[in-house]
Amino acid sequence: MPRHRDEVFIFGRVHASSVFPIKDQNPREHTPYITWSLIGVNVAMFVWSLSDFEPILYRWGFTPALLLPSTLLTSMFLHGGILHLFGNMWYLFLFGDNVEDRVGRGLYLPFYLAAGLAASFAHYLSNPASVLPAIGASGAISGVLGAYLVFFPKVKVLVWVRFFIFPMPAWIVIGFWFALQLLFATVSLLGVASGVAFWAHVGGFLFGVSAALVHRRFHRRLERSVLGFPSSTRPPIHRWGTSPPNSPRRRLVETRSIRGSSSAKPSPLLGGTPPSARELAVAH
């Protein structure tokens, strides 16, 4: 293991010691195979690194002064200790499944790796002459947090603070975390050594936010083009809760109604005569 803290830069410690998220109230829709696979690969790489720890970190960690392309990828799967590994994997386990749900498995892995690359690039820009290898997955996981903030800002997250557990909106939990990273990153420019690559966290997070905003905008445009919605973000509200005229849903309901019964009364859901007070009383 490294003898001194400054021997290795850590892409890690995405968690604060006094504030720790326990659970988010955001059930997933699909099994997060990519997230679980990433956790498995990180654990396997850590176990492998224990066979010859320091030489492996210096060979496969990202050293800005050397700028070896291969280490841009390998560095995000190495960790400096059990706590470093656990903290990163817990955040990935907690927030990664919902982001994977939202963007889909096909885009999630490229997004994760791209966030890690953006984090390494931000670390390089902050200290291009550094000869210390940087390791850890938290640059990529910071991108996951940024995407989670965009997609699920109001989701409640159960947070452990000292001896108490509080539900807080995700935008407060993640926003507070990012504010700390930005503060510590700014302080590091003054020459205060910490052993943590805070600018990597900032770079990964900003990449995640940007990518999520692009994905959300593209997804909305795709919905409007496929479903026939107008240019506004929401379809117009019609009387009696009907679908917009000429929409696929409207045409499907009308077709089923015609096939079901030719003598059926006009339905209010299709824009017909509203039900009378007597009909409403019976229906309820």
All conditions in (1) over 17 Å from the mean Cα position of the chain (by Cα); (2) in a strand (DSSP E or B); (3) in contact (Cβ under 8 Å) with a residue 24 or more places away in the chain are true of TRP199 except (2)
The residue from LEU190, LEU183, LEU125 that alone is exposed (fewer than 13 other Cβ atoms within 10 Å of the Cβ), at negative phi and at pLDDT below 90 is LEU190
Here the qualifying pairs (Cβ atoms under 6 Å; residues six or more apart or on different chains; first in segment 157-180 and within 19 Å of GLY203 (Cα to Cα); second surrounded by fewer than 14 Cβ atoms within 10 Å (Cβ to Cβ)) come out as TRP171/PRO153
Filtering segment 55-88 down to residues that are surrounded by fewer than 22 Cβ atoms within 10 Å (Cβ to Cβ), out of contact with any Phe, Trp or Tyr (no Cβ under 8 Å at 6 or more places or on another chain) and closer than 13 Å to VAL41 by Cβ yields LEU73, PHE77
LEU149 meets each of (1) at pLDDT 95 or above; (2) out of contact with any helix residue (DSSP H, G or I) (no Cβ under 6 Å at 6 or more places or on another chain) with one exception, condition (2)
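Just checking, which of ARG162, ARG221 is surrounded by fewer than 23 Cβ atoms within 10 Å (Cβ to Cβ) and on the phi > 0 side of the Ramachandran plot?
Details: ARG221 fails: on the phi > 0 side of the Ramachandran plot.
Exactly one residue qualifies, and that residue is ARG162.
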So, first residue not assigned by TED's automatic domain parsing to the domain that holds GLY116 and modelled with pLDDT under 90 in segment 58-84, second residue part of a loop (DSSP other than H, G, I, E, B) and surrounded by fewer than 21 Cβ atoms within 10 Å (Cβ to Cβ), Cβ within less than 7 Å, six or more apart or across chains; the pairs are none
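So for segment 27-43 (the condition being closer than 28 Å to PHE163 by Cβ and in contact with a strand residue (DSSP E or B) (Cβ under 7 Å, 6 or more places away or on another chain)), does at least one residue qualify? Even if it seems obvious, please write down each step before you answer.
If we filter segment 27-43 for residues that are closer than 28 Å to PHE163 by Cβ, which is where we start, we get 27.
Among the residues that remain, those that are also in contact with a strand residue (DSSP E or B) (Cβ under 7 Å, 6 or more places away or on another chain) are: none.
No, segment 27-43 has no match at all.
The values are calculated or read from the model by the stated rules, or taken from the named source; none is laboratory data. Predicted model only: the values in this text are computed from it and were never measured. Neighbour counts run over all protein chains shown; Cβ positions are idealised from the backbone, glycine included.
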